[in-house]
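Report on one structure; see the data block that follows.
The values are calculated or read from the model by the stated rules, or taken from the named source; none is laboratory data. Just so it is clear, the model here is predicted, and its values are computed rather than measured. Here the Cβ is made from the backbone with ideal geometry for all residues, glycine too, and neighbour counts use every protein chain on show.
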Amino acid sequence: MKSLSLLLSLTASLALTSASVLDPIPAGASITLPRSVSGPSRFSLLGRGNHKKKKDNWGNAVEKDRKEVKIRASKNDQDDISDDFLWAIKKANHGGLVHLEKGKKYVIGKKLDLTFLKDVYVKIDGELKFTNDIEYWQKNNFYYDFQKSITFWVWGGKDIKIYGNGGVINGNGQAWWDGFSGAEILDPNNVFYRPILFLTDNATNIEITGLHLKDSPCWTTFLVRTKNVVFDDIYIDAVSTNVSSLPKNTDGFDSLNVDGLTVTNTRVNVGDDCFSPKPNTTNIFVKNLWCNGTHGVSMGSIGQYPGVKDYISNAWLENITLLNGQNGARLKAWAGPDVGYGYIDNITYKDIHIENTDAPVVLDQCYFNINETTCAAYPSKVNITNVNFLNVHGTSSGKNGRVVADLTCSPGATCSGIHLEGINITSPAGSPSQIVCDNIQGDIGVECISASEADD
């Protein structure tokens, strides 16, 4: 029996060696077959004890039953291993695993098209870091028309798991923040495009867990034409070492045309939206999310582009902590002479803890620097329906006086089924706190006043 096991092991090794002759392994790389291939047990050889192997959530092999592909680490921040990484991904595709080892750094200096994937694991225990060669990335990237988005790489395909135990994907954003001179992505005169750290496109079944997404030049994640994507146990931060060039537009989560977006057990410390699904995102689940110094947990913005219908629907957001931010729970839509239309429907915010936040609860239908006169002349055409704010408690910053919730619906839209319950938000500007509601159809569940009656 030992002879048969040895024979099978040697056969596997010879097959691997033959394959490597045809497709040479890069220096420092290795491929290790799982035990189930390199040394089957005597029970399986005899046809007895046919135990079923464990499967992952998608019915594929778990980590221990996958071949493992490793590549060399970078010697320094200029040592680009992009070609080695792409080779490893191709080798691990269709049932394998790429492993970036703990304590090692892997530098990516070329744009990577990873849209061909099917059943692959990428385990990041070390640090994967992008170069800050602004001149190269301005000319070599993947471009999306939506808000002039670019990215270093695009992930796509089916059944993709990217995970680790505190591993890092580092966008090396400081040079980008220093260089963009305050030109935000929605500035019409902006020609300084900054890459998104992680982007999926035309992808199904994506799982990202146990990682630190660090210092993205722009949005941290952008999910495009994607179905069933899960983030769990993620830490996102964007922290500048230069007080004169702070991170901008470094959202935690953004999406476009996505069905099934889950974010759980995650911390976000960035200078923009913590969580902000964009047009045509549905079936959203968020639980145990912590946000510091952000623009809030938002639905939208939507309705930006002329004549285009957008929507966001079916979102459940529970146990959210929002600290030291500009906004808390927010709905946002565009107004103006050249915008679109659409709806936000069936949204529930539940058990939301807010501290030192300018606008704890807000419905903003004059989004993005539009003045009151223009907003009144060209109101938003985004309907807001069936939205619940349940058990929202904490403190505002007092920036808006005693107003802790501002639900001002556009006169060009319908806002109905808006319900507030268990609202206990205080303001350092005084008491009692004020809740503004204008142009809302029906009873909202709590006492409210018009904007004209509120504190200045």
Can you go through Gly103, Gly126, Gly95 and tell me which one is over 19 Å from Gly167 (Cα atoms), out of contact with any Pro (no Cβ under 8 Å at 6 or more places or on another chain) and of a type in the set (Gly, Ala, Ser)?
Gly95
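Report yes if Gly210 is in a strand (DSSP E or B) and more than 12 Å from the chain's Cα centre (by Cα), otherwise no.
Against the criterion (in a strand (DSSP E or B) and more than 12 Å from the chain's Cα centre (by Cα)), Gly210 qualifies.
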A careful count of residues in segment 57-79 that are surrounded by 17 or more Cβ atoms within 10 Å (Cβ to Cβ) and of a type in the set (D, E, K, R) gives 5
Kindly indicate whether Gly303 is of a type in the set (Gly, Ala, Ser), within 21 Å of Leu420 (Cβ to Cβ) and either crowded, with 24+ Cβ neighbours inside 10 Å or modelled with pLDDT under 95 (or both).
no
If you go through segment 263-302, how many residues are within 12 Å of the chain's Cα centre (by Cα) and not in a strand (DSSP E or B)?
3
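Please find, within segment 171-207, the residue that is surrounded by the fewest Cβ atoms within 10 Å (Cβ to Cβ) out of those that are among the acidic types (Asp, Glu) and not in a loop (DSSP other than H, G, I, E, B).
Among them, the one singled out is Asp178.
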Do the conditions hold for Asp56, that is, is it of a type outside the set (A, V, I, L, M) and farther than 16 Å from Tyr163 by Cβ?
no
Suppose we filter Gly296, Gly271 for residues that are out of contact with any strand residue (DSSP E or B) (no Cβ under 8 Å at 6 or more places or on another chain) and either surrounded by fewer than 24 Cβ atoms within 10 Å (Cβ to Cβ) or touching a residue at least 24 places away in the same chain (Cβ under 8 Å) (or both); which single one remains?
Gly271
Would it be correct to say that Ser410 is closer than 24 Å to Tyr311 by Cβ, crowded, with 22+ Cβ neighbours inside 10 Å, touching a residue at least 40 places away in the same chain (Cβ under 8 Å) and out of contact with any strand residue (DSSP E or B) (no Cβ under 6 Å at 6 or more places or on another chain)?
yes
Quick one: Phe231 ticks every box in (1) buried (at least 24 other Cβ atoms within 10 Å of the Cβ); (2) under 20 Å from Glu184 (Cα atoms) bar one, so which box is it?
(2)
Do we find a residue being of a type in the set (Ser, Thr, Tyr) and more than 17 Å from Cys291 (Cβ to Cβ) anywhere in segment 350-364?
no
Would you check if Ser427 is surrounded by 21 or more Cβ atoms within 10 Å (Cβ to Cβ), in contact with a Lys or Arg (Cβ under 9 Å, 6 or more places away or on another chain) and not aromatic (Phe, Trp, Tyr)?
yes
